Ligand code: NAD
Ligand code: UDP
């Protein structure tokens with residue numbers, strides 16, 4: 001199976017390419033390198049012993065997409081490409097709608113022209129807004145609390161309408177919870193540019209000495225220790241979820257929606273403790289005010305994916321922290337240019 005992986009040089013895309021190769025599939029990466037480096041591909045090769053075709057391009061370039069899909073006889077598309085920083089999306093909503101929403105529409109239009117009718121889309125638990133209860137099942141109501149979340153929700157809605165008109169397509173919406181961790185080799189990992197927005201990259205940069213302390217955003221939430229609770233999932237488990245989706249429903253007409261999470265909630269302080277244990281380093285932190293727009297707690301009911309995709313997250317919190325530390329300590333400045 002040949003799979004076009006948009007955003008394949010990025011954090012989740014690169015780990016998924018490795019698992020595609022391990023599963024005997026052939027990824028072709030399509031990425032504009034806006035938030036990634038071309039050296040990622042050398043790391044994929046180092047880990048798998050296989051080279052991956054890379055096309056440098058923007059998903060808003062329809063002609064290049066059609067040409068790439070035809071030239072490589074693509075069977076399915078996994079669509080990771082997009083912008084993902086919540087705070088930035090508030091300041092630059094147009095850029096987010098252009099990249100994430102218009103970009104996806106161009107991609108689907110290009111797929112139609114190239115005769116490719118199987119799509120897996122990277123959605124997010126953010127589409128559940130502030131959920132009324134936990135754990136969250138796929139039929140919970142959706143809403144958006146910021147432009148990034150709205151862009152994911154809009155894409156889900158556009159793809160739902162598109163599927164209603166084109167029921168022979170296979171369209172899978174994967175709603176990720178909180179991806180963390182890295183490839184166990186330590187050769188690949190998350191490499192945010194500038195100050196990390198997400199918890200675990202920040203924690204690991206404090207541990208490695210790049211930042212002085214972590215600001216814990218709020219300790220007065222209605223949670224066991226007062227800090228925010230999330231469903232952290234190892235990026236390798238998440239990557240495997242994409243392979244399961246391709247294998248089980250990727251050739252099956254339908255609109256398929258799955259949560260990809262572990263079903264367990266961990267607080268910010270749980271994560272700090274687990275990371276300290278895995279790294280042997282102290283993670284200095286200070287309690288800071290709540291971050292606007294944050295919710296108290298969020299974790300998945302992933303039983304639908306378990307039943308239909310026969311997929312389940314298996315890697316522990318300890319493993320997530322050990323692998324993050326392996327990557328961070330061996331690559332303190334991230335990927336080379
Ligand atoms: P990432 O930034 O590491 O990877 C995205 C990749 O897409 C980058 O390599 C970037 O260069 C590329 N890209 C961006 N805009 C592009 C464009 N217009 N044309 C071509 N390439 C483009 O992000 P990630 O963490 O790997 O996330 C991948 C997907 O998963 C995103 O759609 C994101 O919204 C979604 N997601 C991520 C998380 C998370 O916490 N990381 C959670 C839920 C959903
Ligand atoms: N968080 C924090 N300090 C940081 C970054 C995040 O305390 O520097 C908290 C945040 O308030 C939330 C949890 O860590 O409770 C996960 O945040 P992240 O941004 O990684 O994911 P999301 O908010 O999208 O679930």
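Per-structure values
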| item | result |
| --- | --- |
| Inter-site label distance for residue 303 and residue 337 at 7 Å from Cα along Cβ, in nm | 5.4 nm |
| Over the chain: Rg over Rh, Cα atoms, Kirkwood Rh | 0.94 |
| With Cα atoms, 0 to 90° folded angle of helix 103-114 axis to the chain main axis | 30 degrees |
| Residue among 91, 274, 81 with the largest mean-square fluctuation in a Gaussian network model of the chain, springs linking Cα atoms under 10 Å | 91 |
| Relative contact order [Cα under 8 Å, 6+ residues apart], the chain, whole percent | 20 percent |
| Choice from 144, 288, 85 showing the highest fluctuation, given a GNM over the chain with Cα pairs closer than 10 Å | 288 |
| Inter-probe distance in nm under a simple model that places probes 7 Å from Cα toward Cβ, at residue 253 and residue 287 | 5.8 nm |
| Residues of segment 75-89 with amide N under 19 Å of the 7 Å Cα→Cβ point at residue 34 | 78-89 |
| For 203, 108, 55, order by how many other beta-carbon atoms lie within 10 Å, fewest first | 55, 108, 203 |
| Listed residues 130, 301, 139, most fluctuating in the chain (Gaussian network, C-alpha, under 10 Å) | 139 |
| Fraction of beta bridges assigned by DSSP in the chain that are antiparallel (%, nearest 5) | 5 percent |
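Here, each number is a calculation from the coordinates, and none is a lab measurement. Not measured: the values here are computed from a predicted model. Please note: Cβ atoms are built from the backbone with ideal geometry, for glycine as well, and neighbour counts cover all protein chains shown.
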